[in-house]
1. Calculate how steeply helix 61-73 sits against the longest principal axis of the alpha-carbon atoms of the chain, using the helix alpha-carbon long axis, and give the answer as 0 to 90 degrees to the nearest 10.
2. Taking Kirkwood radius over Cα pairs in Å straight from the coordinates, which label in (1) 15.6; (2) 16.4; (3) 15.2 is the correct one?
3. Using 0.36 nm times the number of residues separating residue 47 and residue 126, minus their current alpha carbon distance, what extension gain do you get?
4. Using the alpha-carbon centroid of each, what span in Å lies between region 31-58 and region 1-18?
5. Compute the label zone of residue 24 within region 90-123: residues whose backbone N is under 17 Å from the point 7 Å along Cα-to-Cβ.
6. Using a 1.4 Å probe on the protein chains only, how many percent of the accessible area of the chain belongs to carbon and sulfur?
7. So which trypsin sites (Lys or Arg not before Pro) in region 49-115 pass both tests, a DSSP loop state and at most 12 other Cβ atoms within 10 Å of the Cβ?
8. Which value in nm describes the separation of the simple spin-label points at residue 88 and residue 101, placed 7 Å from the Cα toward the beta carbon?
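The values are calculated or read from the model by the stated rules, or taken from the named source; none is laboratory data. All values reported here derive from a predicted model rather than from experimental measurement. No Cβ is skipped: glycine too gets one built from the backbone with ideal geometry, and neighbour counts run over all protein chains shown. Each accessible area value is taken on the protein alone, full model and side chains, heavy atoms only, with ligands, DNA and RNA left out. Shrake-Rupley method; radii C 1.70, N 1.55, O 1.52, S 1.80 Å.
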Amino acid sequence: MATAGCFCLASRQAARKITRLYDFYMQESGIRVTQFTILSQLMLRGDMTIGKLAGLLGMERTTLTRNLTLLEQQKWISIKAGDDPRARMIGITGQGRSVVRRSFPFWSKAQAHIGTLLGADGQAALKLLDSRNLG
């Protein structure tokens, strides 16, 4: 069957496995890699709208909103009205910054392990796909 080698299926399976591996390493930190990714991007880039953050992360707005609700309940982010009343601004709190700092060593170990598994060619392929506007 022509679809047996489907790149979409293979990439989705790989993404789930990679996420599970990051989460395994991050268990002791108390947060999941998806939470770490959101918080670290806010820490690096500053406050932004939900739409901008969703685009940056490559996430659907509804999925991001569910994740943001949990982060807000933990008091790791704040959600405020933006200049445009329809836009909500997301910002990381001091507690959120502490969570990122505490979790970084766990993320770093996962990053190194996955980098080794992917090898230089796999890492280059991911970066190439990321640098191209695929859709």
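1. Approximately 50 degrees, to the nearest 10.
2. Given (1) 15.6; (2) 16.4; (3) 15.2, the structure-derived one carries the label (2).
3. On the way: separation 79, 0.36 × 79 = 28.44 nm, distance 2.69 nm.
That works out to 25.7 nm of additional length.
4. 26 Å
5. 106-119
6. Working: 5170 of 9300 Å².
Within the chain, the accessible surface is 56 percent carbon and sulfur.
7. Working: sites: 52, 61, 66, 75, 80, 86, 88, 97, 101, 102, 109; in loops: 75, 86.
The qualifying sites are 75, 86.
8. In this crude spin-label approximation the distance works out to 2.8 nm.
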